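Below is one structure, written out as structure tokens; the observations come after it.
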Amino acid sequence: MEVCLGCGDSDGGLNYLVKGTAQGYLDTVQGATYDCCTDSSTSGSACKDSGKYLNEAICSGTTPDSTYFQCQYGCKEGTCLTAPVATTNSISCTDSDGGKSYDAQGVTDIAPSSPGGEAKDYCDLTTGQLVEYYCTADGSNGGASSSFYICPNGCKDGICIGEAQQATKCTDSDGGRDYYVKGRTQVVGGLATEDDFCTGSVLTELYCVGNAMNPERVTCPSGCSNGACIQGTTRTQPIAIAQPTTTSEVPVKKCGVNSFSVNNICTDVSTGNVHFRNAYFQCYDGIESYQGDSTSCKPSELWKKYGQEFCEGHCNTNMQKATTVVPATQTTTQPVCPSAIEVNTQIQKCKDAGLGLQTQISADSETNCMKVSCEKTATQEPIKCNACLVDNACLPIGTRFNKQFCDVDNKMKGIKADLVECSNSFECTSNLCINDACVSGNVWNKIMAWFSKIF
């Protein structure tokens, strides 16, 4: 019986869009080859479900054979694809408050989870602004980004305070620039608190300028003690009416933490308290540090302590203007009251819209024998400022106020966006200047996460 030797291809030959089988004979032995996908065009490459090349089964005479073909859009299950496969970004982003929602605290989550993959809206301790996290529409910046927003009525617990909840973001217990009373100035509901303090006879008087804390340095004529000028006049001494102040250059040495912020909220599993995974410190000499990772979860007080330890010994000494209270040459003496009752003289301070301080003298007795009212200074001395003068207040270099910062040339300039050239971190919206460019907090988090994986 004669055997008919031949070869057949089920997809009709070189058909890259149909999966086929070539069956035939090698000598008198029957065999077959199949269309399949490979990653290489090298003979003997293993077949896979998908790849770059199609190993197309064909007939070579009566023998089944194959040839490699590079598919334009790739190969899958033995055929060339006719169009690019729609890929799904492996990173997905969700925001619990639906995006830029300033009246709800949202949690923005990037999946799959990675170091810094979750971020909760929070109030920035330095600027008092709301840091709002949201998902990017095009998946840029790792799928999520953040922006600063100035809440009209203040920021608290990661949301803008409504009109019914309106609160003062900066308060001063001594009512402003009161040199004879030690005051405590608080920003953002007490999260940043500083007391007036003495350095020798120089008083650093802290007060509010808008929603920011601002320092003023005053040389006390009778010395400074416990955060206030010493009242040197008594009932038996001539009482001088204070005149407009003068200024002089004095060296001011600043050491320690100049800027501090925390982010990436976490919850302590043992106590349930809200903590933070990361913290940023900037010392007075410009040295910076961004600490923490996906495993750290510490309270802001501990992060601040780390910052103080990190910045210990990092100082910046500048010559700055110090205000000196100069006693006037004109004095008045305490009159004698007609009553035999002991008279106690009180020296009361009067505020006159920034024109200086004057005293009010009164005798506390039944006859009220003397009373001198407070009057405004006749002429106003020009305000001297070696930094940035804003609303009659001298803002130190590096102070951020109303989307601006006080630059080293003593001018207020707009806060810079990401990727803009910078020299100092306070110039940037993110408060991060790295390699002379503003860098977003999210990018920095990813860099630190990458380093943590390496080390």
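The single condition among (1) farther than 24 Å from CYS71 by Cα; (2) surrounded by fewer than 19 Cβ atoms within 10 Å (Cβ to Cβ); (3) in contact (Cβ under 8 Å) with a residue 12 or more places away in the chain that CYS7 does not meet is (2).
Taking region 290-306 only, how many residues are outside any loop (DSSP other than H, G, I, E, B), in contact (Cβ under 8 Å) with a residue 24 or more places away in the chain and closer than 23 Å to GLY158 by Cα?
Filtering region 290-306 down to residues outside any loop (DSSP other than H, G, I, E, B) leaves 290-292, 298, 300-306.
Of the ones still in play, those that are also in contact (Cβ under 8 Å) with a residue 24 or more places away in the chain are 290, 292, 300, 303-304, 306.
From what is left, the residues that are closer than 23 Å to GLY158 by Cα are 290, 292, 300, 303-304.
Total meeting the criteria: 5.
Of the residues making up region 18-34, those that are touching a Cys at 6+ places or on another chain (Cβ under 9 Å) and either surrounded by fewer than 19 Cβ atoms within 10 Å (Cβ to Cβ) or in a loop (DSSP other than H, G, I, E, B) (or both) are LYS19, GLN23, TYR25, TYR34. Filtering region 35-76 to residues that are touching a strand residue (DSSP E or B) at 6+ places or on another chain (Cβ under 7 Å), assigned to a loop (DSSP other than H, G, I, E, B) and surrounded by fewer than 17 Cβ atoms within 10 Å (Cβ to Cβ) leaves ASP39, SER40, SER41, SER45, ALA46, CYS47, ASP49, THR62.
For residues in region 257-289 being crowded, with 17+ Cβ neighbours inside 10 Å and farther than 22 Å from ASP157 by Cα, which is nearest to the chain's Cα centre (by Cα)? Show your work before the answer.
Within region 257-289, the subset crowded, with 17+ Cβ neighbours inside 10 Å is 257-266, 275-284, 288.
This time we only want the ones that are farther than 22 Å from ASP157 by Cα, so: 257-258, 282-284, 288.
Working: VAL257: 15, ASN258: 13, GLN282: 12, CYS283: 15, TYR284: 17, GLU288: 13 Å.
The extreme case among them is GLN282.
Residues being closer than 18 Å to PHE401 by Cα, in the same structural domain as GLN105 (by TED's automatic domain parsing), at pLDDT 85 or above and assigned to a strand (DSSP E or B) are represented in region 159-169 by at least one member. Would it be correct to say that CYS151 is outside any strand (DSSP E or B), of a type outside the set (Lys, Arg) and modelled with pLDDT of 85 or more? Taking the combined requirement at face value, the residue satisfies it.
Identify the residue in region 393-411 that is touching a residue at least 60 places away in the same chain (Cβ under 8 Å) and touching a helix residue (DSSP H, G or I) at 6+ places or on another chain (Cβ under 7 Å) and, among all such residues, is farthest from MET213 (Cα to Cα).
Pass one, region 393-411, residues touching a residue at least 60 places away in the same chain (Cβ under 8 Å): 393-396, 398-403.
Filter again for touching a helix residue (DSSP H, G or I) at 6+ places or on another chain (Cβ under 7 Å), leaving 398, 400.
Values: GLY398: 12, ARG400: 10 Å.
The residue in question is GLY398.
Would you mind stating whether PRO64 is within 46 Å of the chain's Cα centre (by Cα) and at pLDDT below 90? Spelling it out, it is not the case that PRO64 is within 46 Å of the chain's Cα centre (by Cα) and at pLDDT below 90. Residues in region 100-135 that are of a type in the set (Ser, Thr, Tyr) and at pLDDT 80 or above: SER101, TYR102, THR108, TYR122, TYR133, TYR134.
The values are calculated or read from the model by the stated rules, or taken from the named source; none is laboratory data. Because the structure is a prediction, the values reported are computed rather than measured. As a convention, Cβ positions derive from the backbone with ideal geometry for all residues, glycine included, and neighbour counts pool all protein chains shown.
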